[in-house]
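Student: Let me begin by handing over the structure; questions about it come next.
The values are calculated or read from the model by the stated rules, or taken from the named source; none is laboratory data. All values derive from a computational prediction rather than experimental measurement. Neighbour counts run over all protein chains shown; Cβ positions are idealised from the backbone, glycine included.
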Amino acid sequence: MNRKLSTLLVALLFGLVMAGVAYADNGPETIVLEAGKKGNVTFHHHKHQEKIACGECHHGPGHSEYKEGMEIQECDKCHNKQNAEMPKKLQKTMNAFHKNCKDCHKKEGHGPTKCSGCHKK
């Protein structure tokens, strides 16, 4: 992934976290992740909340368990190249999202697992 796209994703994630504060505990209904050439991803946050626990996606430092009311940090606070404790592949937020989403979709037997299933041009 090129540096420009990485920077864009980090900035977008920061904005999403800040916007999430304004949406109280449930967060926004949908989140649009800008993904450059591949096409944006519209994530239906409230639909996912109906089926899975917050802790399936959100966690604390060192992947500690999510607790109700926990402040949701920006993903790149830990998922970055400076974090030597993070497995190399998960140092990129994009890779962390892909792993979490695709693994869950495969496990549950539904939801997209191919690029075009999430990324819309």
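Student: Could you tell me how many of the residues in segment 18-44 are more than 19 Å from Lys114 (Cβ to Cβ) and modelled with pLDDT of 65 or more?
Tutor: Residues flagged as more than 19 Å from Lys114 (Cβ to Cβ) and modelled with pLDDT of 65 or more within segment 18-44 amount to 8.
Student: Within segment 37-46, which residues are in a loop (DSSP other than H, G, I, E, B) and under 14 Å from the mean Cα position of the chain (by Cα)?
Tutor: Hit for segment 37-46 is His44, nothing else.
Student: Filtering segment 47-88 down to residues that are within 14 Å of the chain's Cα centre (by Cα), of a type in the set (D, E, K, R) and not in a loop (DSSP other than H, G, I, E, B), which residue is modelled with the lowest pLDDT?
Tutor: Asp76
Student: Next question. Scan segment 97-121 for residues that are assigned to a helix (DSSP H, G or I) and polar (S, T, N, Q) and report the count.
Tutor: 2
Student: Condition first: touching a helix residue (DSSP H, G or I) at 6+ places or on another chain (Cβ under 9 Å), surrounded by fewer than 15 Cβ atoms within 10 Å (Cβ to Cβ) and closer than 25 Å to Lys121 by Cβ. Now tell me which residues in segment 36-88 satisfy that.
Tutor: Gly36, Lys37, Gly39, Thr42, His46
Student: Cβ-Cβ distance below 9 Å, separation of 6 or more or different chains: which pairs start in segment 52-64 with a residue that is at positive phi and end on one that is exposed (fewer than 15 other Cβ atoms within 10 Å of the Cβ) and part of a loop (DSSP other than H, G, I, E, B)?
Tutor: What qualifies is Gly62/Glu85.
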